[in-house]
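These notes are about the structure you will find just below.
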Amino acid sequence: MAEKQISIRDVAALAGVSVGSASRVINGAANVTPDVRERVDRAIAALRYRPNHAAQSLRSRTSKTIGCMFSDVANPLYARAFRALEEHFRREGYMLLLANGLNDAEREIDIIQTFQLRGMDGVILAPGNERHPGVLDAVRRLSMPAVIYDRDLAVEADAVLFDHVAGVKAAIHHLVELGHTRIALALWQVKSRPVRRRIEGYKAAFKAAGLPVPDLILQEPTPTSSAFDDVTRLLQLPDPPTAFLAQGTHTLTSTLRAIAKQGLRVPEDVSVIGIGDTDFAQTYDPPLTVLRTPTDEVAAQAVEMLLSRLAAKGDASLPPRKALIQFDLILRESCAPVARH
């Protein structure tokens, strides 16, 4: 004899709640009291209920899933961003699925096409190859809403963008006020918005201060490449940099290793500012001054943009929205007035 198929009505009856309340708990909605959630969870466990999400999707024409692609999740800042996005989507009853583009154009195209084929309700995209024709074409062919995460994609889509120009200018201004003029910028060679805008902000900061732009921009091949050799070379110049502005964990940590290897101290001999706040930056000795983005605020804006598009049900009359997020310069203990030897 076939085993009876447990339904959501059975769960609701055992929990003593309405079918609507049981549905909200099962879908992870935020507007549920702890008592109701606990009763429904107990009923689900007792009945061994397994929601049929495929059937729900067919009825509602939604999958309650969002695709998220970052250029390289080895970057802990992307890991933080994903965690914040996931939490905000979960509160709204959506599951966020992560894909790692690895800064590879063909891989990114395949991921975007897979999001389309799997019937995601929407996507959050931060490709490493934002100007690649194939990547752009794949994004333009999407039939679901997309929010672009800090990329200059030539597509009609909502976007959350970081003001890298203003952030880098603030960091350089702080160092110039401390007497530094030989300031190195350590970046990646990845051709993406953050790198381009940081270089733009670096040059603009020196011009605003009435200083010549030094030839001290380092660009490593990939986000996981070490800057150790290049930083060592700069520190061995007759007129070496007295300060570094370094992005990403790998670039920043290898910069600090090179400084220490030369027998120099932070901040007594060399000042350092990191781009992006991480546990490493907070616990390093000395704690590092950083440019920090409000991760939770960014996630909330991205989620609101995407859910608004879903609620509008494809209304093409709504123009794309752009949110420009500012960096905060968090002053810790890694910067000091330029050393006089």
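The values are calculated or read from the model by the stated rules, or taken from the named source; none is laboratory data. As the structure is a computational prediction, the values presented were derived from the model and not from experiment. All Cβ positions, glycine included, derive from the backbone under ideal geometry; neighbour counts span all protein chains shown.
Hey, any hits in region 154-164 for a residue that's outside the structural domain of Ile275 (by TED's automatic domain parsing), over 17 Å from the mean Cα position of the chain (by Cα) and among the β-branched types (Val, Ile, Thr)? Yes: region 154-164 contains one or more residues that are outside the structural domain of Ile275 (by TED's automatic domain parsing), over 17 Å from the mean Cα position of the chain (by Cα) and among the β-branched types (Val, Ile, Thr).
Here is a yes/no grid of residues against (1) buried (at least 17 other Cβ atoms within 10 Å of the Cβ); (2) under 25 Å from His174 (Cα atoms):
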| site | (1), (2) |
| --- | --- |
| Leu245 | yes, yes |
| Arg265 | no, yes |
| Val272 | yes, yes |
| Asp296 | no, no |
| Asp328 | no, yes |
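Here is a yes/no grid of residues against (1) touching a strand residue (DSSP E or B) at 6+ places or on another chain (Cβ under 6 Å); (2) outside the structural domain of Arg196 (by TED's automatic domain parsing):
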| position | (1), (2) |
| --- | --- |
| Ser226 | no, no |
| Phe244 | yes, no |
| Arg257 | no, no |
| Lys261 | no, no |
| Ser271 | yes, no |
| Tyr284 | no, no |
| Ala302 | yes, yes |
| Ala312 | no, yes |
| Ser317 | no, yes |
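Within region 91-117, the set of residues being under 17 Å from the mean Cα position of the chain (by Cα) and in a helix (DSSP H, G or I) comprises just one member, Glu108.
Looking across region 120-137, just one residue is hydrophobic (A, V, I, L, M, F, W, C) and at pLDDT below 95, and that is Met120. Restricting the search to helices (runs of 4 or more DSSP H) fully inside region 1-81 and requiring at least 1 residues that are surrounded by fewer than 17 Cβ atoms within 10 Å (Cβ to Cβ) and either modelled with pLDDT under 75 or touching a Gly at 6+ places or on another chain (Cβ under 7 Å) (or both) gives 53-60. Where strands (runs of 3 or more DSSP E) fall entirely within region 129-238, those with at least 1 residues that are of a type in the set (A, V, I, L, M, F, W, C) and closer than 19 Å to Glu106 by Cα are at 146-149.
Contact map, region 316-327: residues that are at negative phi paired with residues that are among the polar types (S, T, N, Q), Cβ distance under 7 Å, separation 6+ or inter-chain. Pairs shown: Ala323/Gln301; Ile325/Thr293; Phe327/Thr293. Restricting Pro212, Pro221, Pro238 to residues that are loosely packed, with under 15 Cβ neighbours inside 10 Å and closer than 30 Å to Gly101 by Cβ narrows the list to Pro221.
Looking at Arg265, Arg309, Arg292, can you tell me which residue is in contact with a Gly (Cβ under 8 Å, 6 or more places away or on another chain), modelled with pLDDT of 95 or more and not polar (S, T, N, Q)?
Just a single option satisfies the conditions, and that option is Arg292.
Given region 248-341, what strands (runs of 3 or more DSSP E) lie entirely inside it while holding 3 or more residues that are of a type outside the set (Gly, Ala, Ser) and within 30 Å of Ser143 (Cβ to Cβ)?
On the way: elements: 271-275, 289-292, 322-325, 328-330.
Filter on region 248-341 gives 322-325.
Candidates Val195, Val213, Val231: the one that is outside the structural domain of Gly101 (by TED's automatic domain parsing), in contact with a helix residue (DSSP H, G or I) (Cβ under 9 Å, 6 or more places away or on another chain) and free of Cβ contacts under 8 Å to residues at least 12 places away in the same chain is Val213.
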